[in-house]
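The values are calculated or read from the model by the stated rules, or taken from the named source; none is laboratory data. On a predicted model such as this, the values are computed, not experimentally measured, just so you know. Don't worry about glycine lacking a Cβ; one is built from the backbone with ideal geometry, like all the others, and counts go over all protein chains shown.
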Amino acid sequence: MGELSKAKLHIAMYPWVAIGHITPFIHLANELASRGHSISILLPNKALLQLGHHSLHPDLIKFHVITIPHVHGLPAGAETASDIDITEKDPLAIAFDSTAAQVEALLLSLNPDLVFYDFADWIPALAARVGCKTVCYNVICASCMAIGIVPARRIPRDRPMTEDELVQPPEGYPSSTVVLRGQEALTLSFIAMDYGASRFDTRITAAMSSCDAIGIRTCRELEGPMCDYLSEQYKKPVILSGPVLPAAAQGRLEEKWETWLGKFAPKSVLYCAFGSQMILKKKQFEELVLGFEMTGLPFFVAVSKPHGAETMEEALPEGFLERVGERGVVHGGWVQQTQILSHPSVGCFVSHCGFGSMWESLLSDCQIVLVPRLADQILNTRLLAGDLAVAVEVARGDMGWFSKEDLCAAVRSVMDAESEVGKLVKRNHAKWKDTFAAAGFMDNYIDTFIQQLYQL
C-alpha cells in the first residue's frame, strides 16, 4: 500500500519543558503536518505563548496546555527551563514528572496512534494503557545518548563513578574522537541538571529502554555509526528525521544591525552567540570580550549579561568601549541569528555548539569556532572539530574556561587567509554544506521517517 493510500497518522508530542526541546518538536510537527498528518502538542502555557507562532499548519497542529504544578524549590510561576537557573533543574523535573495524570487523561481523550517524548521516561507505561506506540525522539546528538550508556552498563550503583570510568568509552563505541576527556567527564552532572534528572544516565537510558523506537534529529551522513551502535545496544529501531530545520527566516535584518554590519568588508565580522541559558561569570565574560578585542577584527557578541551584573555596560572591562569604538558590539538582547549568519559581512560564527547552533553553523558560509560548556555541546564540538574537521575548538586551561589569548588564537587560525587550518576547515565545511543543502536531502529524511513510523 502506498503512503498516499494509508490512513494519516495522529501523533501526540510531550517534550521536556525547555525552549531548545519544544522548538524542534514543533519543527518536526510542521514537516509531518505538511504531509497531512495531525499533531497534538502538549506544553505549558508560557511555552505556547512563546513558541506557538512557529506552527505553520494550525488546521492540523493542535496545542494542549499542561499545568506545571508548584513543588518545593521551584520559583513561583516557573513553567520552563528558561524560568530557572541552569544549575537548579531538579525541582522543575519533579514538577514535570508530576504532570503524568494530566498527560494520561489527555492521551485517553486524544487517542493518538503514536506518542513522541524525550525525557518523560514514564510515557511508555501510560501509552501502553492508552493503546498507542511510543517514539523517544531525541533533539541532542546520538553521541551524547551513547555516552549515557557507559555508566548504565559498566558502573555498579553502590559506588560513585570515577573520572577514569566515565572517560573510557565502552567496547564497540564507534569513535575515538567524539569522547569526553579528563575533567569534561564531570560535566555529566551539569547536563543531568539541564535535562532535569539527578543522574543523566538513569534518565536517558530509561527513556530509550521502554519505547517502541528511538528517533533522533540527525542524519546517517553525520552520525551513522553512532546510530547503529545505539540500535545494537537497545535492541530496537533507530529512526532518523534528519536535522528538521525550518526554511530560511523571513524578513529583513533589523535596520540598526544591517547598517552596522554594512560598514565592514565581506566575511570580516566575527559573530558570537551562546544561547539564552548559558550565563557566564563576570571573569569569563571579560575574557570573552577581551579575546575578541585582541583579534583586531570587527565583532558582534550577543550573549546574556553575566552573573552579578546589573547591565551589560557595567560588566565590560574598564576602557573597553573606548578602545574598540565602532568596531565591536556587545548586545544582551535577542537578535535575528539566521539573518546575521547569512549577512555578507559575517565570516565567523563563535558558538557553544548546542545542537541547533551546530546545524545553523553547518548550513552557513561562516568559519566555525566552538566554545562548548555542557557535555552534549562538548560532544557536538568533537564531532565538528574532530571527525568532520569543519571547525576549531578553543583551547581551555585547568579551570575549565579559556583565556582571551586562547580565543584570539582560535579565531585567527580560521580567519587568517594564509592559515592551513583555516583552509582545511573551510574546504571541509563547504563539502558538508553542499551535502545538507542538496535538493531533496531534508525531504527524503522526513519521508523515510514517516514510512518507518507506519512500520511500528
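With respect to (1) modelled with pLDDT of 70 or more; (2) in the same structural domain as F116 (by TED's automatic domain parsing); (3) assigned to a loop (DSSP other than H, G, I, E, B), the lone exception for G215 is condition (3).
Residue under question is V414, and the condition is that it be in contact with a Lys or Arg (Cβ under 8 Å, 6 or more places away or on another chain), surrounded by 16 or more Cβ atoms within 10 Å (Cβ to Cβ) and more than 24 Å from H21 (Cβ to Cβ); does it hold? Walk me through it before giving the result.
Values: in contact with a Lys or Arg (Cβ under 8 Å, 6 or more places away or on another chain): yes; surrounded by 16 or more Cβ atoms within 10 Å (Cβ to Cβ): yes; more than 24 Å from H21 (Cβ to Cβ): yes.
Answer is yes for this residue.
Residues of region 30-46 include at least one that is touching a Pro at 6+ places or on another chain (Cβ under 8 Å) and polar (S, T, N, Q).
Each row is one residue, and each column tells you yes or no for (1) crowded, with 18+ Cβ neighbours inside 10 Å; (2) of a type in the set (V, I, T); (3) in a helix (DSSP H, G or I); (4) in the same structural domain as S413 (by TED's automatic domain parsing).
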| position | (1), (2), (3), (4) |
| --- | --- |
| P266 | no, no, no, yes |
| Y271 | yes, no, no, yes |
| V289 | yes, yes, yes, yes |
| F292 | yes, no, yes, yes |
| K305 | yes, no, no, yes |
| E313 | no, no, yes, yes |
| P317 | no, no, no, yes |
| V330 | yes, yes, no, yes |
| V335 | no, yes, no, yes |
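Checking the condition acidic (D, E), assigned to a loop (DSSP other than H, G, I, E, B) and surrounded by fewer than 24 Cβ atoms within 10 Å (Cβ to Cβ), which residue from D447, D434, D365, D443 passes?
Values: D447 fails: assigned to a loop (DSSP other than H, G, I, E, B); D434 fails: assigned to a loop (DSSP other than H, G, I, E, B); D443 fails: assigned to a loop (DSSP other than H, G, I, E, B).
That would be D365, the only listed residue that is acidic (D, E), assigned to a loop (DSSP other than H, G, I, E, B) and surrounded by fewer than 24 Cβ atoms within 10 Å (Cβ to Cβ).
Hey, any hits in region 384-404 for a residue that's assigned to a helix (DSSP H, G or I) and either in the same structural domain as P225 (by TED's automatic domain parsing) or under 15 Å from the mean Cα position of the chain (by Cα) (or both)? Please lay out each step first, then the result.
Narrowing region 384-404 to residues assigned to a helix (DSSP H, G or I): 384-387, 404.
After this cut, where a residue has to be either in the same structural domain as P225 (by TED's automatic domain parsing) or under 15 Å from the mean Cα position of the chain (by Cα) (or both) as well, the list is 384.
Taking every residue of region 384-404 in turn, at least one turns out to be assigned to a helix (DSSP H, G or I) and either in the same structural domain as P225 (by TED's automatic domain parsing) or under 15 Å from the mean Cα position of the chain (by Cα) (or both).
Just one of the numbered conditions (1) in contact with a helix residue (DSSP H, G or I) (Cβ under 7 Å, 6 or more places away or on another chain); (2) of a type in the set (G, A, S); (3) at negative phi is not true of G308: (3). Residues considered: E171, E184, E232, E165. Of these, the only one that is assigned by TED's automatic domain parsing to the domain that holds L126, acidic (D, E) and modelled with pLDDT of 85 or more is E232. Taken together, the residues in region 11-36 that are of a type in the set (D, E, K, R) and in contact with a Phe, Trp or Tyr (Cβ under 7 Å, 6 or more places away or on another chain) amount to 0.
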